[in-house]
Amino acid sequence: QVQLVESGGGLVQPGGSLRLSCAASGSIFSVDAMGWYRQAPGKQRELVATRISGGTTSYADSVKGRFIISRDNAKNTVYLQMNSLKPEDTAVYYCNAWMRVSSAPMTSEYWGQGTQVTVSS
């Protein structure tokens with residue numbers, strides 16, 4: 001059984017920072033990419049940032065220059081450092097990973113349970 005477990009969400013004032021973590025566990029053979037999505041109330045889930053195994057990263061325009069995605073390959077963990085947070089960043093943040101488990105012939109997509117981030121004064 002493969003799991004993605006997120007942590008680090010919470011309430012922060014505008015201009016503040018938070019760091020999200022997501023650890024993948026289980027019989028993981030390889031990880032192709034890990035990233036973060038978010039979904040605000042009444043809106044569709046959107047990509048925030050991704051990092052592929054080669055190190056290439058991509059960001060939503062709305063978070064460029066404020067958020068940084070990083071990954072610890074040895075721990076199968078991805079981080080999202082969120083700085084200069086704005087009220088519009090309020091959402092449930094979901095960890096996403098494309099991984100191959102040891103018993104599977106191909107890569108599959110996995111999701112975490114989500115962690116709430118609220119930016120409010």
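The values are calculated or read from the model by the stated rules, or taken from the named source; none is laboratory data. Bear in mind that the values here come from a model prediction, so they are computed numbers and not experimental data. Glycine gets a Cβ as well: all are built from the backbone with ideal geometry, and neighbour counts include every protein chain shown. Areas reflect the complete protein model, heavy atoms only, side chains present, ligands, DNA and RNA absent. Shrake-Rupley method; radii C 1.70, N 1.55, O 1.52, S 1.80 Å.
Before I look further, what does the chain give for accessible area per residue, probe 1.4 Å, in whole square angstrom?
53
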> Using a cut-off of 21 Å between alpha-carbon atoms, which lysines can reach LYS86, once sequence neighbours fewer than 8 places away in the same chain are excluded?
Replying inline: LYS43, LYS64
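Take peptides 100-108, 60-68, 44-52 and line them up by average Cβ neighbours within 10 Å, highest first, as a rough protection proxy.
44-52, 60-68, 100-108
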> Between segment 5-80 and segment 96-118, how many Å separate their Cα centres?
Replying inline: 12
> Normalised by the residues of the chain, what does the relative contact order come to in percent, with Cα pairs under 8 Å and at least six apart?
Replying inline: 36
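In whole percent, and with a 1.4 Å probe on the protein chains, what portion of the accessible area of the chain is carbon and sulfur? It would help to have the intermediate numbers written out before the result.
Values: 3070 of 6380 Å².
Answer for the chain: carbon and sulfur cover 48 percent of the accessible area.
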